[in-house]
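Note sheet for the following structure.
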Amino acid sequence: MEFNADLHIHGRFSAATSSDMDFRKLARGAKQKGVHLLATGDCLHPTWLKEIREMEEVEEGTFELDGTRFILTTEVEADKRVHHLLLFPSVSAVEAFSEAVERHTTTLRSDGRPKLRMTGEEIAQVARDVGAHLGPAHAFTPWTGIYAHFGSLKECYGDLADDITYLELGLSANSDYGDGIEELRDVTFLSNSDAHSPQPVRLAREFNTIEAGDMTFDQVILALTREKGCRVMMNVGLPPEEGKYNRTACTRCFRQFDLEQVLARRWRCMCGGTIKKGVRDRALELARKQGTQRPKHRPDYIYMIPLAEIIMRAIGHSSPFTGKVRARWEAIITEFGNEIDVLLHVPVNDLRESAGEDVARAIDSFRQGKVTVIPGGGGRYGTVLLPGQDPEEFAPPMDSSEKQRTLFDY
Ligand SMILES: [Zn+2]
Ligand SMILES: [Zn+2]
């Protein structure tokens with residue numbers, strides 16, 4: 001069977017998360033979005049774990065609520081602030097992991113994403129001991145991505161680097177960014193939302209389409225290791241330029257720079273702010289050589305942005321949370337059931353009536369790649385422009401002669 005899975009979210013005990021975040025709302029958001037299996041997130045947190053256990057356990061380590069499946073996951077922060085994504089086979093494995101790391105942390109009970117005073121290798125050892133799987137979360141992100149601090153998986157995970165079967169690309173990257181890196185040829189790429197809210201504008205804004213025998217932990221692992229015919233068959237996510245760390249830019253005024261300019265400026269912007277290396281420049285640095293062939297097993301990476309954001313742009317609003325955007329969104333979802341179908345599959349002619357001509361046309365432009373993305377950087381998201389929209393209105397200050405690129409330049 002084929003199903004859509006978002007394997008990285010946070011519960012309401014992580015920093016900066018919506019107090020709305022509970023499993024009932026997640027299940028509802030998943031249905032509206034069109035994802036079938038979600039990460040529980042934050043499973044080391046005792047209260048969140050208690051709520052996980054209140055759901056029906058359909059098979060060890062796989063839970064279900066209102067038709068949505070959940071598997072046990074958490075993100076942890078290790079030494080150097082690097083983030084790792086863990087998947088657990090069972091509640092007892094979660095408990096064994098907690099016990100093993102307890103003396104290395106003070107935040108296990110207070111933070112959904114605990115900070116562990118451990119190296120990546122030490123965490124990988126505990127994961128191996130309890131039968132959990134781990135891989136880098138948002139691998140290229142400045143500050144907290146593995147490649148912000150390490151030049152290779154081996155530098156981070158030591159002798160256990162071979163245990164790494166998956167890597168999460170993060171919102172500012174797509175598969176191309178990883179394909180240039182030799183050590184990732186056999187690694188499965190994940191595209192997950194890292195959502196802090198159950199609303200479909202955040203939940204599964206990136207997700208994976210998986211082919212496997214069932215929507216269970218075991219089958220998900222078989223897909224990640226590409227065994228028994230199981231696999232990730234499609235990665236879906238934001239255009240990487242829309243990510244807030246895509247380009248090298250000042251974290252104060254968001255001015256963007258070429259890497260050579262930055263070196264000459266010693267990472268200081270003319271405004272006095274600090275310049276942060278973008279995900280794209282970091283990926284290019286790590287690439288063994290330009291134009292590396294993508295491995296045969298690598299699935300397509302499809303671009304999609306949340307429906308509310310498409311409606312917002314089509315009707316000229318500046319937020320996806322206005323009453324008008326909401327009303328249009330509801331009419332469309334009532335008619336067609338979920339966002340992913342509307343954005344990727346429903347014929348445009350069928351969309352016209354309930355979506356309206358403007359929104360139907362915007363969805364079509366997006367599917368055909370006729371949109372422009374003004375890249376984000378320095379902590380500011382990029383902007384997707386529909387045909388005919390004036391880039392001047394949205395453009396960040398630029399310090400390079402670089403022209404804007406369209407989605408399909410990559
Ligand atoms: Zn993270
Ligand atoms: Zn600046």
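Look through the stretch 172-200, keep the residues that are part of a loop (DSSP other than H, G, I, E, B) and among the polar types (S, T, N, Q), and return whichever of them is surrounded by the most Cβ atoms within 10 Å (Cβ to Cβ).
Quick first cut of the stretch 172-200, residues part of a loop (DSSP other than H, G, I, E, B) only: 172-174, 180-181, 185-187, 191-194, 196-200.
So of that shortlist, the ones also among the polar types (S, T, N, Q) come out as 172, 174, 191-193, 197, 199.
Numbers: 172: 32, 174: 25, 191: 30, 192: 28, 193: 25, 197: 21, 199: 21.
Among those that are part of a loop (DSSP other than H, G, I, E, B) and among the polar types (S, T, N, Q), it is 172.
Would you say residue 132 is in the same structural domain as residue 71 (by TED's automatic domain parsing), under 24 Å from residue 59 (Cβ atoms), away from ligand 2 (no atom under 16 Å from the Cβ) and touching a strand residue (DSSP E or B) at 6+ places or on another chain (Cβ under 6 Å)? Show your work before the answer.
Numbers: in the same structural domain as residue 71 (by TED's automatic domain parsing): yes; under 24 Å from residue 59 (Cβ atoms): yes; away from ligand 2 (no atom under 16 Å from the Cβ): yes; touching a strand residue (DSSP E or B) at 6+ places or on another chain (Cβ under 6 Å): yes.
Taking the combined requirement at face value, the residue satisfies it.
Let me confirm something: among 120, 158, 112, which residue is closer than 16 Å to residue 194 by Cα and either more than 16 Å from ligand 2 (Cβ to nearest atom) or assigned by TED's automatic domain parsing to the domain that holds residue 30 (or both)? Spell out the reasoning first.
Details: 120 fails: closer than 16 Å to residue 194 by Cα; 158 fails: closer than 16 Å to residue 194 by Cα.
Just one listed residue meets the conditions, 112.
May I ask you to list the residues in the stretch 175-211 that are in contact (Cβ under 8 Å) with a residue 60 or more places away in the chain, aliphatic (A, V, I, L, M) and closer than 17 Å to residue 225 by Cα?
Within the stretch 175-211, 190, 210 meet the criteria.
Quickly run through the stretch 226-261 and pick out the residues that are loosely packed, with under 15 Cβ neighbours inside 10 Å and of a type in the set (S, T, N, Q).
Matches in the stretch 226-261: 261 only.
Which condition number does residue 222 fail, the rest of (1) in contact with a strand residue (DSSP E or B) (Cβ under 6 Å, 6 or more places away or on another chain); (2) more than 30 Å from residue 379 (Cβ to Cβ) being met?
Condition not satisfied by residue 222: (1).
Being within 16 Å of ligand 1 (Cβ to nearest atom) and either touching a Gly at 6+ places or on another chain (Cβ under 9 Å) or among the basic types (Lys, Arg) (or both) is true for just one of 80, 33. Which residue is that?
Working: 33 fails: within 16 Å of ligand 1 (Cβ to nearest atom).
Only one candidate passes the filter, namely 80.
Here is a yes/no grid of residues against (1) of a type in the set (A, V, I, L, M, F, W, C); (2) part of a strand (DSSP E or B); (3) surrounded by fewer than 20 Cβ atoms within 10 Å (Cβ to Cβ):
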| position | (1), (2), (3) |
| --- | --- |
| 19 | no, no, yes |
| 25 | no, no, yes |
| 43 | yes, no, no |
| 52 | yes, no, no |
| 64 | no, yes, yes |
| 85 | yes, yes, no |
| 100 | yes, no, yes |
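Please work out which one of (1) on the phi < 0 side of the Ramachandran plot; (2) of a type outside the set (A, V, I, L, M, F, W, C); (3) within 16 Å of ligand 2 (Cβ to nearest atom) is the condition residue 266 fails and give its number.
Going through (1) on the phi < 0 side of the Ramachandran plot; (2) of a type outside the set (A, V, I, L, M, F, W, C); (3) within 16 Å of ligand 2 (Cβ to nearest atom) one by one, residue 266 breaks only (1).
For the stretch 354-369, check the following and say yes or no: at least one residue is crowded, with 19+ Cβ neighbours inside 10 Å and of a type in the set (Lys, Arg).
No, that holds for no residue.
Taking only the stretch 121-164 into account, find how many residues are more than 21 Å from the chain's Cα centre (by Cα) and either polar (S, T, N, Q) or on the phi > 0 side of the Ramachandran plot (or both).
Counting residues in the stretch 121-164 that are more than 21 Å from the chain's Cα centre (by Cα) and either polar (S, T, N, Q) or on the phi > 0 side of the Ramachandran plot (or both) gives 3.
Please pick out the residue among 126, 94 that is touching a Cys at 6+ places or on another chain (Cβ under 7 Å), away from ligand 2 (no atom under 16 Å from the Cβ) and not acidic (Asp, Glu).
Working: 126 fails: touching a Cys at 6+ places or on another chain (Cβ under 7 Å).
Criteria check complete, one pass: 94.
Please enumerate the residues belonging to the stretch 106-123 that are under 19 Å from residue 14 (Cα atoms), away from ligand 1 (no atom under 16 Å from the Cβ) and out of contact with any Ser or Thr (no Cβ under 7 Å at 6 or more places or on another chain). Break it down stepwise before answering.
Step one: of the stretch 106-123, the residues under 19 Å from residue 14 (Cα atoms) are 106-117.
Filter once more, so that each one left must be away from ligand 1 (no atom under 16 Å from the Cβ): 106, 108-110, 117.
Answer for the stretch 106-123, where residues must be under 19 Å from residue 14 (Cα atoms), away from ligand 1 (no atom under 16 Å from the Cβ) and out of contact with any Ser or Thr (no Cβ under 7 Å at 6 or more places or on another chain): 106, 109, 110.
Report yes if residue 264 is crowded, with 20+ Cβ neighbours inside 10 Å and either over 20 Å from residue 184 (Cα atoms) or within 24 Å of the chain's Cα centre (by Cα) (or both), otherwise no.
Working: crowded, with 20+ Cβ neighbours inside 10 Å: no; either over 20 Å from residue 184 (Cα atoms) or within 24 Å of the chain's Cα centre (by Cα) (or both): yes.
So residue 264 fails the test.
Step by step: first the residues of the stretch 124-171, then only those that are in a loop (DSSP other than H, G, I, E, B) and hydroxyl-bearing (Ser, Thr, Tyr), then the one that is nearest to ligand 1 (Cβ to nearest atom). Which residue is that?
From the stretch 124-171, those in a loop (DSSP other than H, G, I, E, B) are 131-132, 137-145, 150-152, 164-165, 169-171; that's our starting set.
Okay, now just the ones that are also hydroxyl-bearing (Ser, Thr, Tyr), so 141, 144, 152, 165.
Working: 141: 7, 144: 5, 152: 20, 165: 19 Å.
Here the answer is 144.
The values are calculated or read from the model by the stated rules, or taken from the named source; none is laboratory data. Nothing here was measured: the structure is a model prediction, and the numbers come from that model. Reconstructed Cβ throughout: ideal geometry from the backbone, glycine too, with neighbour counts over all protein chains shown.
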